[in-house]
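Below is one structure, written out as structure tokens; comments come after it.
Coordinate-derived values only; no laboratory data. All values reported here derive from a predicted model rather than from experimental measurement. Methodologically, a virtual Cβ is constructed for each residue, glycine included, from the backbone with ideal geometry; neighbour enumeration extends over all protein chains shown.
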């Protein structure tokens, strides 16, 4: 730990991800979202392992759950962004997931003590109760996993840091529909955030 200007700055990675002050956010880990990822099988397996260790060590686990989707009501800029992300030519190609598709992926279902909140935009802090939970449990660090890295993970990570939270991205627990998009997002984010494998996090727990 670095003590400077009246602050205690967490320095070692073990300090940053200490279970007593760390939360694990599973961003949109629905079966449909994971299946859309080019690396979905890897994301699912590694996230299952990370969640199991988090439960063992008492890390607070939080889930975002997509709210009701109506593409006509989200606004033109968001529709344009989704078309660009999914490489679609027209808005009518955007699909609304079936009820089965919005269910949590197998092995990633919330437990009785986990927090589940609805999200409407690609950012856990916008229009949700998420930060209230972070403050309630006096969390300092947020670990991110889920889909997709270029939208919800990126938006949440940047606001997390801006709002004063240490922010970690589990490299092999985040996905994207396209590998080139994943690689580009990762290159941008790793200049700012701690981006590590799930095995590295588990080792510190």
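To make sure I understand, if each residue's beta carbon is the centre and we count other beta carbons within 10 Å, what order do 196, 168, 29 fall in, fewest to most?
Starting with the residue having the fewest Cβ neighbours, the order is 196, 168, 29.
By counting other Cβ atoms within 10 Å of each Cβ, how are 197, 49, 148 ranked from fewest to most?
197, 49, 148
Could you work out the relative contact order of the stretch 1-75? I mean the mean sequence separation of Cα pairs under 8 Å and 6+ apart, divided by the number of residues, in percent.
Value for the stretch 1-75: 34 percent.
If each DSSP helix of 4+ residues adds -39,500 (n - 2.57) and the sum is divided by the residues in the chain, what number results at 222 nm, nearest 500 deg cm²/dmol?
-10000 deg cm²/dmol
Normalised by the number of residues in the stretch 90-171, what is the relative contact order in percent for Cα pairs under 8 Å and 6+ residues apart?
Value for the stretch 90-171: 25 percent.
Over the Cα atoms of the chain, what radius of gyration and what Dmax do you get, in Å?
16.7, 55
Taking a ≥ b ≥ c as the square roots of the eigenvalues of the Cα gyration tensor of the stretch 1-43, is the shape rounded (a/c under 1.5), prolate (a/b larger than b/c) or oblate?
Prolate, because a/c is 1.5 or more and a/b exceeds b/c.
Cα axis of helix 40-57 to longest principal axis of the chain: angle in degrees, 0 to 90, nearest 10?
Value to nearest ten degrees: 30.
Express the relative contact order of the chain as a whole percentage, based on alpha carbon pairs under 8 Å and six or more residues apart in sequence.
This gives 30 percent for the chain.
To the nearest 10 degrees, how steeply does helix 179-189 sit against the main Cα axis of the chain, on a 0 to 90 scale?
It is inclined by approximately 40 degrees.
Going by C-beta contacts inside 10 Å, put 154, 180 in order with the fewest on the left.
The fewest-first ordering by Cβ neighbours comes to 180, 154.
Let me know the shape class of the stretch 53-174, please: from the alpha-carbon gyration tensor, a ≥ b ≥ c as square roots of the eigenvalues, rounded when a/c is under 1.5, otherwise prolate if a/b is greater than b/c, or oblate.
prolate
Could you give the angle, 0 to 90 degrees to the nearest 10, between helix 76-86's Cα long axis and the longest principal axis of the Cα atoms of the chain?
In the chain, helix 76-86 runs at an angle near 80 degrees to the longest axis.
In terms of the Cα gyration tensor, with a ≥ b ≥ c the square roots of its eigenvalues, is the stretch 104-205 rounded because a/c is under 1.5, prolate because a/b exceeds b/c, or oblate?
rounded
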